[in-house]
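Below you'll find the structure, written out as structure tokens, and then a few comments.
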Amino acid sequence: MPDIVKSNPPIIKNANEITNENIEKKKLKLRRVAIDTYKENVVFLHRECDLYRSEGFQALNKVEIRDGADKPPLIAVLNIVDDCDLLEPQELGLSEQIFQQMDMPEGTDVTINHASPPASLRHVHKKIAGHRLDDAAYLAICKDIVENRYSKIEIAAFLVGCAESGMEREEMYSLTQAMVATGETLNWGESLVVDKHCIGGIPGNRTTMLLVPIIAAHGMFMPKTSSRAITSPAGTADTMEVLAKVDLNPDKLREVLKKEHAFIAWGGNARLSPVDDILIAVERPLSMDSPGQMIASILSKKVAAGSTHLLIDIPIGDTAKVRSQSEAVKLRKLFEYVGDRIGLHLEVVITDGRQPIGRGIGPALEARDVMKVLQNSPDAPLDLREKALQLAGRILEFDPDVRGGQGYHLARDLLDSGRALNKMKQIIQAQGEHDANFEPGKLQRDICAEFTQSGQEKSAVVEAIDNFQIAQIARLAGAPMDKQAGVYLHKKVGDKVNQGEALYTIYAEFPSDFDFAIAAANKNNAYTLSI
């Protein structure tokens, strides 16, 4: 009978030993991967990494990254790579966005785990289904977005849900509040802090860059935090960047405001309504700008920036964002309702949006128009000057010392005397002057009028200009990413034009952009001519 051999009982490790061993197996070394993922946390794992299959990770999973310190993990979207030159199997690659947040040197040991789905995603599903959301739901969504718990796909679902299902005015207020609550709020210590915002859709409409120096020259405080373009060829921040630094931290903004009573800066670094910046990053490629999101975006930024008085410009026209007077009045009431609820003194003006304002469309070309108006140059665009004076007059009348109806004349005196130009120079100097380059892109093509009938050359009159199409052509040319790209208008509505005469010139820096813009213009040049 064979001997019975008793095996030794297995060594049972305590829970702490097992946990520590598992953690050691899960450790990866940080590696900076120089990829700009624009407002989205993205990390990279090699396909041959032991954790890839053992933990069931897949591309586009969301993961938590921990460094062992007692602080909340960072959330990121996972991408998988196969190239060892980009990433070794034992490394975790970080995009630029998340590497800056980690604030740790390459080679630091970290662990990754599956991230739980954001709890607020259930509210997004409700919104997609057409339900109304309350204060708590919008706050939960905004908190998860600002903590990078949402992927861009999930953010797009939220945006589409709000746009397609619509938002009641109380929801707009809830979202505005939530966007303010999840960021920083500036307090300038002044009882009168003014601001202005145009809802957009009109190319070349750079009135803000004229209003700010006019208002500041009067002595009123106008800290102007602006966003970059969403669907337009240039935002105020894009155009101001031709002249001066706009990427300023809150301390620098305070310094400039104290000295000059105004600035024109990008609002991203100040963490003013940071959710808005993330939403804009998704809205831009989708070309989305729904009324509810727009109102929350604009007003949350103004409240966070410490504004007490705000002027809203709503242009109307057949190819503007707002097409009719009735639609503009409806939007004005929504702005006034939400503005009143959040404590803003708000006025809305409805303006002519039938065609672009000024001549230049694109950052450098628009900056050149602005400086010509400030310099009282004979060839400055008169429509840009006049609209700026009208809006500046309304803002100056927020000052209790300025009588009603006198604002326009005061604004004109400040511009004509050169005081506004001097103030703009001082603001540029205080923010950090750039060596301004107003020269347009090196590639250029005139788009000319063609309307011959029966072989006879005739003259015509410009009847209409399609704002959307002309903006699209400027964007295809490379604006706003390429500062020198865009469109310069030679003819405006009501102008006479001869056969073969240039309607506008396209400027671009790169041949591919140039070709795309020309092809779009050849298909639809955006001009309607009457013979």
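How much length is gained on full extension from GLU450 to ASP109, taking 0.36 nm per residue of separation minus their Cα-Cα distance?
Length gained between GLU450 and ASP109: 116.1 nm.
How large is ³J(HN,Hα) for each residue in segment 467-484, as worked out from phi by the Karplus curve 6.51 cos²θ - 1.76 cosθ + 1.60 (θ = phi - 60°), to whole Hz, x for Gly and Pro?
Running phi through 6.51 cos²θ - 1.76 cosθ + 1.60 with θ = phi - 60° gives 4, 5, 5, 5, 5, 5, 4, 5, 5, 4, 6, x, 6, x, 4, 9, 4, 8 Hz.
How long is the gain from ILE80 to LYS458 if the chain were fully straight, where each residue apart is worth 0.36 nm and the alpha carbon distance is subtracted?
In short, 129.8 nm is gained.
Can you run phi through the Karplus equation (6.51, -1.76, 1.60; θ = phi - 60°) for segment 419-431 and list ³J(HN,Hα) in whole Hz, with x for Gly and Pro?
Once θ is set to phi - 60°, the couplings for segment 419-431 become 5, 5, 4, 4, 5, 4, 4, 5, 5, 4, 4, 5, 6 Hz.
What is the Cα centroid distance between segment 51-124 and segment 143-157, reported in whole angstrom?
Distance between centres, Cα-based: 16 Å.
Rounding to the nearest 10 and keeping the result within 0 to 90°, find how far the Cα-based axis of helix 208-218 lies from the longest principal axis of the chain.
70
Label point 7 Å out from ASP515 along Cα-to-Cβ: which residues of segment 416-446 have amide N under 19 Å?
Backbone N within reach: 442-446.
Can you give the helix-only mean residue ellipticity at 222 nm for the chain, where every DSSP H stretch with n ≥ 4 adds -39500 (n - 2.57) and the sum goes over all residues, rounded to the nearest 500 deg cm²/dmol?
Result for the chain, helices only: -12500 deg cm²/dmol.
Tell me, how many Å apart are the Cα centres for segment 271-337 and for segment 459-522?
Cα centres, segment 271-337 to segment 459-522: 26 Å.
Under 5 Å between amide hydrogens, which residues at least 5 positions from ALA464 or on another chain qualify, with H placed 1.01 Å from N in the peptide plane?
Distant-sequence amide H within range of ALA464: THR528.
Around LYS196, which amide H atoms from residues at least 5 apart in sequence, or from another chain, sit under 5 Å from its own amide H, with H modelled in the peptide plane?
Result for LYS196 returns LEU311.
Using the count of nearby Cβ atoms within 10 Å as a rough guide to exposure, how do LEU365, LEU248, LEU334, LEU133 rank from fewest to most?
Final ranking by Cβ density, sparse to dense: LEU334, LEU248, LEU133, LEU365.
Would you mind calculating the gained length between LYS330 and THR505 on full extension (0.36 nm times residue separation, minus the Cα-Cα distance), in nm to one decimal?
59.3 nm
Restricting to Cα pairs below 8 Å that are 6+ residues apart, what does the relative contact order work out to for the chain? Please round to a whole percent.
14
Would you grab the residues whose amide H sits under 5 Å from the one on LEU344? Only those 5+ places off in sequence or on another chain, please, with H modelled 1.01 Å from N.
Those qualifying (amide H under 5 Å, at least 5 residues apart or on another chain) number zero.
Go through segment 402-417 residue by residue and turn each phi into a ³J(HN,Hα) via Karplus (6.51, -1.76, 1.60, θ = phi - 60°); whole Hz please, and just put x for glycine and proline.
Couplings: 9, 6, x, x, 9, x, 4, 5, 5, 4, 4, 5, 5, 6, 5, 6 Hz.
For the chain, take the longest principal axis of its alpha carbons; what is the angle in degrees between that and the long axis of helix 152-165, to the nearest 10 within 0 to 90?
Rounded to the nearest ten degrees, it is 50.
Values quoted throughout were computed directly from the atomic coordinates according to the rules given, and no laboratory measurement underlies them. Note that this is a predicted model, so its numbers are computed, not measured. Virtual Cβ from ideal backbone geometry, glycine too; neighbours counted across all protein chains shown.
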